[in-house]
Every structure is written in C-alpha cells, then in structure tokens.
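**Student:** I am attaching a structure below and will ask some questions about it afterwards.
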Amino acid sequence: MDFTEKTVGQAYHYKGRIINLRVDEIILPNGKHASREVVEHPGGVCVAPLDEEGNLYFVRQFRYPYGEALLELPAGKLEKGEPPLPAGIRELEEEVGAKAERLEPMGQLYPSPGYCGEIITLYAATGLSFGETHPDADEFLSTEKIPLETAVQMVMAGEIKDAKTQVLVLKLWQKHTGS
C-alpha cells in the first residue's frame, strides 16, 4: 500500500527566527481530504564528547518550555543552509570549549515526526582537547563531566530527560560495549 499523502495547499500562520508554522491541506491515500499542522525547523546537531577515560561532557541549562534546567549533550540548531558537521564542531567548542580530532556520525533523529520537520544529526567526538567555552549571548550553561556508564544509568533512571541526549548516550554505550 502507498501511504503517501499529497499536499494540495499550504498556509503559513507564523514565521519566526527559529521555526515557522504552516497548515497543509492534503489528500490521504484513500482520497479523502485532511489538514496537517507542520512546524518547520532548520535542523540541529547533538555531539557526545567522549574523553580517553570514558567520560562524557554535558551542559546543564534552563529550558524555558519545561521551566527547569536540563542535562544535555552539547547541541544546537543549524544556521540556514549550514551542513551538520560544521555546526557540530561549532557547538562543541562554544558549549564545552572542546575540539575533537574525530567526529563520527551516529545517525539522525526525528524528534517529533507527527508535526515537526526537524532532523537532528548525531555525532560522537573523540580525541578531545579543551580551551575556553564561547556560549551564545543568550546561553547560560554549566559543563558537567560524567562517566559514560553513569550517564547510561541516569538515562535509564529518568534523570536525563532530553530525547536527543538519551538516544546518543545509549547509542554510544552500545557502540563501546556491544550490549
């Protein structure tokens, strides 16, 4: 069966600095009409900086929609037309002050495919050297070093709530332990 939905109309309701919101009129595979609300997002990156001792470097920052500070791996949105790899390099340096000899692709993540077109590209960063952080003017964060095994336990205990961080921690654990 073909599950493709055909777009027959689009109307933008909001265009912002980070997201746009549109409502599409579509034709379903059975020929009936429906509408889809879509959040357009330029995409993002998430980087797992892993040192030679098996520690990951996280950032803790306040996330307004949730009203709390979350523990996350370094991440950020892509600038318009920016490829993911340079964005990962930039975010790693800005948020934890690190440069990596290697950034290994770890896949992509679709955070909320029911309404959002965001794609987050995941990387593992190794061969780290550290300097100064350079957060954006509106970013206030602290850096935390946590052993990979402890980070996995924190994910499983619900202490790390951010989805991209959960996925990347568990993918990195599986890669390094085979389990």
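**Student:** Before we move on, is G107 loosely packed, with under 14 Cβ neighbours inside 10 Å, without any contact (Cβ under 8 Å) to a residue 60 or more places away in the chain, out of contact with any Cys (no Cβ under 7 Å at 6 or more places or on another chain) and on the phi > 0 side of the Ramachandran plot?
**Tutor:** no
**Student:** Further question on the same structure: Need pairs with beta-carbon distance below 7 Å; first residue over 11 Å from A48 (Cα atoms) and within region 156-179, second of a type outside the set (A, V, I, L, M, F, W, C) and not in a helix (DSSP H, G or I); sequence gap 6+ or separate chains.
**Tutor:** D162/E72; A163/P111
**Student:** Also: Just to verify a result, which residue in region 17-36, among those that are assigned to a loop (DSSP other than H, G, I, E, B) and among the hydrophobic types (A, V, I, L, M, F, W, C), is modelled with the lowest pLDDT?
**Tutor:** Taking the candidates together, the pick is I18.
**Student:** Of the numbered conditions (1) in contact (Cβ under 8 Å) with a residue 60 or more places away in the chain; (2) of a type in the set (G, A, S); (3) farther than 30 Å from L148 by Cα, G9 fails exactly one; give the number of that condition.
**Tutor:** (1)
**Student:** If we keep just the residues of region 78-114 that are in a strand (DSSP E or B) and of a type in the set (D, E), which is farthest from V167 (Cα to Cα)?
**Tutor:** Checking each candidate, the answer is E101.
**Student:** Return the pair list, or none, for Cβ contacts closer than 8 Å from residues in region 62-90 that are β-branched (V, I, T) to residues that are modelled with pLDDT of 95 or more and not in a loop (DSSP other than H, G, I, E, B), at least 6 apart or on different chains.
**Tutor:** I89/K99; I89/A100; I89/L103
**Student:** From the set of residues in region 148-167 that are in a helix (DSSP H, G or I) and of a type in the set (A, V, I, L, M), which is surrounded by the most Cβ atoms within 10 Å (Cβ to Cβ)?
**Tutor:** Of everything passing the filter in region 148-167, A151 is surrounded by the most Cβ atoms within 10 Å (Cβ to Cβ).
Residues are listed down the side, and each one gets a yes or a no for (1) in contact with a Gly (Cβ under 9 Å, 6 or more places away or on another chain); (2) surrounded by fewer than 16 Cβ atoms within 10 Å (Cβ to Cβ):
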residue	(1), (2)
F3	no, yes
T7	no, yes
H13	no, yes
I18	no, yes
K32	no, yes
V38	yes, no
P42	yes, no
V47	yes, no
F58	no, no
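**Student:** Being out of contact with any Asp or Glu (no Cβ under 9 Å at 6 or more places or on another chain), of a type outside the set (A, V, I, L, M, F, W, C), within 30 Å of K145 (Cβ to Cβ) and assigned by TED's automatic domain parsing to the domain that holds L122 is the requirement here; does E95 meet it?
**Tutor:** The answer is no for E95.
**Student:** Here are some conditions: (1) assigned to a strand (DSSP E or B); (2) modelled with pLDDT under 95; (3) β-branched (V, I, T). V59 meets all but one. Which one does it not meet?
**Tutor:** The single condition V59 does not satisfy is (2).
**Student:** A follow-up question, please. For the subset of region 115-143 comprising residues that are among the hydrophobic types (A, V, I, L, M, F, W, C) and assigned to a loop (DSSP other than H, G, I, E, B), which member is nearest to E95 (Cα to Cα)?
**Tutor:** F140
**Student:** Which condition from (1) among the charged types (D, E, K, R); (2) touching a Leu at 6+ places or on another chain (Cβ under 8 Å); (3) farther than 30 Å from V23 by Cβ is the one that D136 breaks?
**Tutor:** (2)
**Student:** Does any residue of region 83-91 turn out to be surrounded by fewer than 18 Cβ atoms within 10 Å (Cβ to Cβ) and over 21 Å from F130 (Cα atoms)?
**Tutor:** yes
The values are calculated or read from the model by the stated rules, or taken from the named source; none is laboratory data. For clarity, every value in this text was computed on a predicted model and none was experimentally measured. Heads up, the Cβs are rebuilt from the backbone with ideal geometry, glycines too, and the neighbour counts pull from every protein chain shown.
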